[in-house]
Every structure is written in C-alpha cells, then in structure tokens.
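Beneath this line is the structure, given in structure tokens, with notes to follow.
The values are calculated or read from the model by the stated rules, or taken from the named source; none is laboratory data. Treat the numbers as computed from the prediction; the structure is a model and nothing was measured. So basically every Cβ, Gly included, is an ideal-geometry build from the backbone, and we count neighbours across all protein chains shown. These area figures cover heavy atoms from the full protein model, side chains too; ligands, DNA and RNA do not enter into them. Shrake-Rupley method; radii C 1.70, N 1.55, O 1.52, S 1.80 Å.
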Number of protein chains: 2
Amino acid sequence: MPRCLKCGKSRDLIKLERHRIWVCRECYPWFFEKQVERAIEEKNMFTRDERVAVAVSGGKDSLALLHVLARKGYNPKPFFIDLGIEPYTRHARKIVEDVTGSLGLELEVYDLKKERGAGIPEVARATRIPPCSICGAVKRQAMNIMAKRLECNVLATGHNLDDEVAFVFSNVIDWNLEQLARQKPVLEPGQGMVKKVKPLYRVTDREVELYVDVLGLNVVKEECPLSRKAKSVDYKRVWDEIESTRRNAKWSFYSGFLKRLQPVLEERFQEKVRLVECEKCGEPTTEGRKICLVCGFFERVKNSTTQ
Amino acid sequence: MPRCLKCGKSRDLIKLERHRIWVCRECYPWFFEKQVERAIEEKNMFTRDERVAVAVSGGKDSLALLHVLARKGYNPKPFFIDLGIEPYTRHARKIVEDVTGSLGLELEVYDLKKERGAGIPEVARATRIPPCSICGAVKRQAMNIMAKRLECNVLATGHNLDDEVAFVFSNVIDWNLEQLARQKPVLEPGQGMVKKVKPLYRVTDREVELYVDVLGLNVVKEECPLSRKAKSVDYKRVWDEIESTRRNAKWSFYSGFLKRLQPVLEERFQEKVRLVECEKCGEPTTEGRKICLVCGFFERVKNSTTQ
C-alpha cells in the first residue's frame, strides 16, 4: 500500500509519477516548497537577506511563487503590472491585492496608463501590432523598472518547467539559437538589466496547480481576452504526450538542454547582443536602436491621436 | 479549379499541401524525381558517371530511390543485406531480386550467415542484446563493405525527410550533440568509411508512398518481426501533428537544423570521433576498441556455442 513519503500516512495521497513517490495532501506543500528552495539554492538565485522583486500577475504560477517565498522566510517584494485590459486587469488586480494583503505584504503597481498614457488595447488599436507582442515588451520593461524602484537586485518570475520546456522547444523548432543561448533559470545582471530568476523551473504546471489547490488559493483562471491561442500551448500538449510515454521526459529535456546545448550556444553567441540606453526612457534596448521598443509603440500611439 | 502544375489537366490530381501545388498522378513521378535530383545536385552527392552503391531492403524508400536513379540515368549498384530473419528476409529478398531484374540491374547480396556464420536471430539469442541494436551495427558495417566490394565511392540509402526529422528530434530530446553534429544528408568519406548520401532527404514518407503507388511498385509492407515499436515512430506521429498545424514544419525544422545548429555542433565536436581498424575484420571502429562491435557480437556467439 502506498504511503506518504513524509508522514507515512495512507490517506489523501497524491501520486507524483515523475518522482516515483506518493505524498499526502497535507504534506504536499512541504514537498513542493522543497523543490522550489532547491532551485533557489542550487542556482544561487538569492538568499533570505536579499529583497526579491516578484512579478505577480494573479495567475497560479506567480501566486504560488509568492506564497513559497513568503512561507519559507524569504523577502519578496511583490508588484503588479496594470495593463489596462478591462475588465480582465481589474479582476486580476483585485485578486493580487487581496492575496498580498493576506500575506501582510505591500503591493506596488506599475500602471501602464499612468506611466505611459495608454493601456495595451489602445496601443494595439493604434499600432495594429498583435497585442501579445506589445504586452511582452511592455511587461519585460516594466519588470526591470519595478525591480529597480523596489530596490531589488533580483527579479523573480513564475515560469515553471512546462513553460521552460515549451519555450526551449519552440526555439528549437525554429532554431533560434540566440534565444536558446540566453535561456537559463538565472540570467545574470548587466547592461542595465537586473538579475532575473525562475524559482519554479523544477516544478510542472500540474504540480503548481496542486499547490494552489491544496493551499486553497484564489487565482485568476481566465485567459487574457486579447491573447490568441499561443503556439506554446500546442507544444505543451506535445510534451504532455511525450511525458505520458517517457517518465520525466520534460525534466530530462530541459535539464539536458541546460547541461549540454545551452553552454555550447552561450559560448558561441556570447556578447553578440549589446544593449544601449533608450534615448527617451533610459531603459536598455538593443544596440542600433535610438529608442526602445516600448517608447516606439507609444510614439506611434501619440502620432495616431494627433493626426 | 485546381490544375496540374506540369500538364495543366484537372483530372486525378494530388494535392501537395506543403508545396502549395497540385500535380496529376501521371505527372507526379516527374515532380518526385525532380525533388530527388535537386537533392543530389545541390548537395553534390554524385554524378551520372559515378557508380553509386544503393542499399535496397525492399521497403518503399530504398525501392523508390533505386527507381529514381535508374530512371534518371544514374549508375546505381544495388545490394541486399540478407540478415537471416526468416521468413521475413526471404520474402524481402525475392521482391528485391524481382525489382532489380525488371530494371535490368545486377543485385549483389551480403549474406550475414555466409559472411559471419549466423543471422540476427541467432546473435540476439546468444548475446541477449536487443535485435535492433545488433541489426543497426551489422547493416552499417555491411553497407560500407558492400560499397567497397562494388567499387563505389559513394553509398546511397533511402532515408527520407520524416526519418531525418525523427532522428534529429530524438537526438534533440536526449541532447546527443555528437550524433547531431554528424547528422547531414552527405557524410564525406574518411577513416575507412565511404561517402554516405541520402537522396530522399527532401521528400516525406507520404510522398514516397505516392511515388511507389503511382509506379505500381511491389514493396515489402510488413514490419520486421523482431523490431519493437521504435521510439522514432512516436516522434513521427508528433511531427505529423505539428505539420498538420504548421505548413511544411518538417522541412523548416530539418533545413533549419542543417543551416543553423548543425554547423555550430560540427565545429564544436569535429574530430572528436576517431576511428581505427578492427584487428579482426579491418573495418573501421571507434578508437579504444580492439575489435569492432560486429566482431564482438560474433565472438560472443562463438563462445556461447563452444561452451
């Protein structure tokens, strides 16, 4: 009869196939948090003394991450990026405010409308660029800005193993070697970018869902109304299929990538990407550009409204 | 109304989705052969003056390849490897003898029992090694030996695009970078190995099936009775799925691999593999071994029967 790895009881067991173990629901948070702590420690992401900026969208991953850090005695500084996609954003913001409140944490907000004068829907309408492309660039920049505002040297995001596998996989399908060269759970700081870490890179979608479920957390379940069916969703399905026939295939693939291909590519493509300061906002942007992608978007919004 | 790309007729059309064209059944061989010729010429595989050893198993791919070469004025020298897997081998050999006879070509045979004293089933039984592992090594060596016996400087095999995609993919999943570094449609000769080429690398499983069907060729349809469900079959299904959502995904993946990752890996891992002559049979084997894998197998067969 299977028993819980930690307490030995046989009730309310959860089977963790890829680890070949059983844990009861009560002990599951212990197991999950241990995985996250291991990632943080093994990769020297941050210590308990460091202020860690945490990008919290309200989805299961970022909220799980925030809880682990709070519960395990780290020093998380959560922030929310208000993208003005109503009523979706308002709903997410409310959830994040409630959660951070209940954890006794102060929540900082980067409000795109206040900072830049328009939300994602207006930018998409004015520029006719797909909203996900705009949103990606805006969030990347906002995260960097917020980490600095919160006086944090490190920024943590909720990317989990399924995300990382899908990302590597999609860049393998297209052979984006430069992207692959930079794909790591820890990106060291430099050229105006703070250190970025992914403490959930060892845990899967399903394991995060279980954690959220066991802790009874309220999370945003809706998809963003502007998002199209992303390519990475299909790749996640492909990987669920592969994992169903080969135990722990996702982890083998991602950890193998980090051990084998990533170092080869990093060596080959290192320092190919140089960043310079945007002449308008001062944030880092690719060499050769005068202004950053985000400033470019909002210039176009301004021009479209003054015409 | 769709029309045949070549003759303009609208009857018996075949849709080639990934090329965005229609061809009628009558003109299909022209299209297929053009793809193969293009592969041969672009990659400098061989000329019409060169003797080309062709490994013919009796399956759709090798028989399609042999037909293209014969019909397009190349100089193919077919050979069959008799592995002694009865009654499967006998059936395949009969088909290959018929086909080569009808093409007016002489067929050479490498008979494993005559050459080495035992067939695959006996070796598998004596060594307890999985038959596919034995067979792979035996065939690789037999092909090299036969190319030299037939006085050919180049050896052609029937690997098609689906095979290449599945092979690259499975080596990506496991991050076998050394294998990937050597994965090309043309392997230059050296260290006792003849030049190896894959003239079907631009055409898919389905396109080969169509060619065989249109020409009305009799091919071996049975699976080898010793083969287990190979991993690469699952990967082929994964790729059929990806191709169904992204047009020409297989070709993009494989050609992208050849353009982008393969050269990086070849540079990184070049000359890592050194071959030496087997002390028993003289064929190339990995540095550090005294005798080759195949001689090793048959030593074990001999020991098991003398005990």
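Key figures
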quantity: Cross-link table A:Lys195/A:Lys259; A:Lys280/A:Lys302; A:Lys72/A:Lys221; B:Lys15/B:Lys221, entries beyond 18 Å C-alpha to C-alpha; calculated: A:Lys195/A:Lys259; A:Lys72/A:Lys221; B:Lys15/B:Lys221
quantity: Largest-first ordering by accessible area, 1.4 Å probe, given options B:Glu151, B:Glu33, B:Glu266, B:Glu42; calculated: B:Glu151, B:Glu42, B:Glu266, B:Glu33
quantity: For the range A:137-154, 3J(HN,Hα) per residue [Karplus equation, 6.51 cos²θ - 1.76 cosθ + 1.60, θ = phi - 60°, Hz, x = Gly/Pro]; calculated: 5, 4, 5, 4, 5, 4, 4, 5, 5, 5, 4, 5, 4, 7, 6, 10, 8, 9
quantity: Residues in the range A:156-177 occluded by at least 40 Å² - accessible area, probe radius 1.4 Å, against chain by itself; calculated: A:Ile173, A:Trp175, A:Leu177
quantity: Within the range A:56-142, GluC sites (Glu not before Pro) in DSSP loop having at most 12 other beta-carbon neighbours inside 10 Å; calculated: A:Glu106
quantity: Sulfur and carbon atoms: percent of accessible area, the protein assembly as shown [1.4 Å]; calculated: 46 percent
quantity: Cβ-derived FRET efficiency at R0 30 Å, B:Gln179 paired with A:Thr47, nearest 0.05; calculated: 0.15
quantity: Gained length - A:Arg125 relative to A:Glu277, 0.36 nm times residue gap less alpha-carbon distance; calculated: 52.0 nm
quantity: Qualifying trypsin sites (Lys or Arg not before Pro) in the range B:67-103, DSSP loop, other Cβ atoms within 10 Å at most 15; calculated: B:Lys72
quantity: Radius 10 Å from Cβ of B:Lys184, net charge of other residues (Lys, Arg +1; Asp, Glu -1); calculated: +1
quantity: Between B and A, accessible area buried - total, square angstrom, nearest 100, 1.4 angstrom probe; calculated: 2400 Å²
quantity: Using a 7 Å Cα-to-Cβ projection, A:Arg149 label spacings across copies, nm, ascending; calculated: 7.7
quantity: Heavy atoms of B:Arg182: accessible area, 1.4 Å probe, square angstrom to 10; calculated: 110 Å²
quantity: Relative contact order computed over chain A (Cα-Cα under 8 Å; 6+ residues apart), in percent; calculated: 19 percent
quantity: Cα shape, the range B:49-176, gyration tensor, a/c 1.5 rule; calculated: oblate
quantity: Separation of alpha-carbon centers, the range B:112-154 and the range B:263-294, rounded to whole Å; calculated: 17 Å
quantity: Cubic angstrom per residue, convex hull over Cα atoms of chain B; calculated: 142 Å³
quantity: Label distances, nm, A:Arg300 versus same residue in remaining copies, Cβ-directed 7 Å point; calculated: 6.3
quantity: Shortest-first nm distances, A:Leu275 label point to equivalent points in other copies (7 Å, Cα→Cβ); calculated: 4.8
quantity: In order through the range A:273-282: 3J(HN,Hα) via Karplus (6.51 cos²θ - 1.76 cosθ + 1.60), integer Hz, x for Gly, Pro; calculated: 9, 10, 10, 10, 7, 4, 5, 8, 9, x
